Amino acid sequence: GSSTEEGRAIAVDAAGAAYVMGGTDSADLPIADPVQAAYAGSTDVFVTKISPDGSSFVYSTYLGGSGADFTYSQFGSHGGIAVDGSGDAYVAGDTSSADFPTLGAYRAAGAGSTDAFVAKFVEPEPIITPIPSTSTLGLIALAVVAFVLLVLRPRRAFRPERWRRS
């Protein structure tokens, strides 16, 4: 896009497709088969799946509402992306948007000024779930997401220490 994009996490599935998530404040981000076609304001998350040969986007979409939506928390924790064996992508972050988009959500509205979200991207339909970070359930869910993203991360997920020049 014409403004700022920050890639925050990447994962690779068994077929070699790359999944990238990050934040943007660009209204003209290149999109393909989007869940959300337009920039909603402030800062939005972007999620992009790149074909195994790197030649095209399988999908590239905004994810966010009119407030600030992040792939990391301003309180120091991190969101992330993971891909399961079926190629479904799981994205975690936080939002201060009262109008954060949801589909099939456990709780469709946030419960605090900043809430966690977990989104599952299953082609072609995503499930976007905000998890209130101010409740016990929200804290338990954040712990589960952190465990999945940090401990059970797929073996082919990006780890900077493994990317060395030969």
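The values are calculated or read from the model by the stated rules, or taken from the named source; none is laboratory data. These numbers were taken from a predicted model, which means no experiment stands behind them. Quick reminder, even Gly has a Cβ in these numbers, built from the backbone with ideal geometry, and neighbours come from all protein chains shown.
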Extreme residue, surrounded by the fewest Cβ atoms within 10 Å (Cβ to Cβ), among residues of the stretch 49-90 that are modelled with pLDDT of 85 or more and under 24 Å from S113 (Cβ atoms): S66
From the options A11, A15, residue that is among the hydrophobic types (A, V, I, L, M, F, W, C), within 16 Å of E123 (Cβ to Cβ) and surrounded by fewer than 19 Cβ atoms within 10 Å (Cβ to Cβ): A15
Looking only at the stretch 113-132, and only at residues there that are exposed (fewer than 14 other Cβ atoms within 10 Å of the Cβ) and not in a strand (DSSP E or B), the one that is modelled with the highest pLDDT: S113
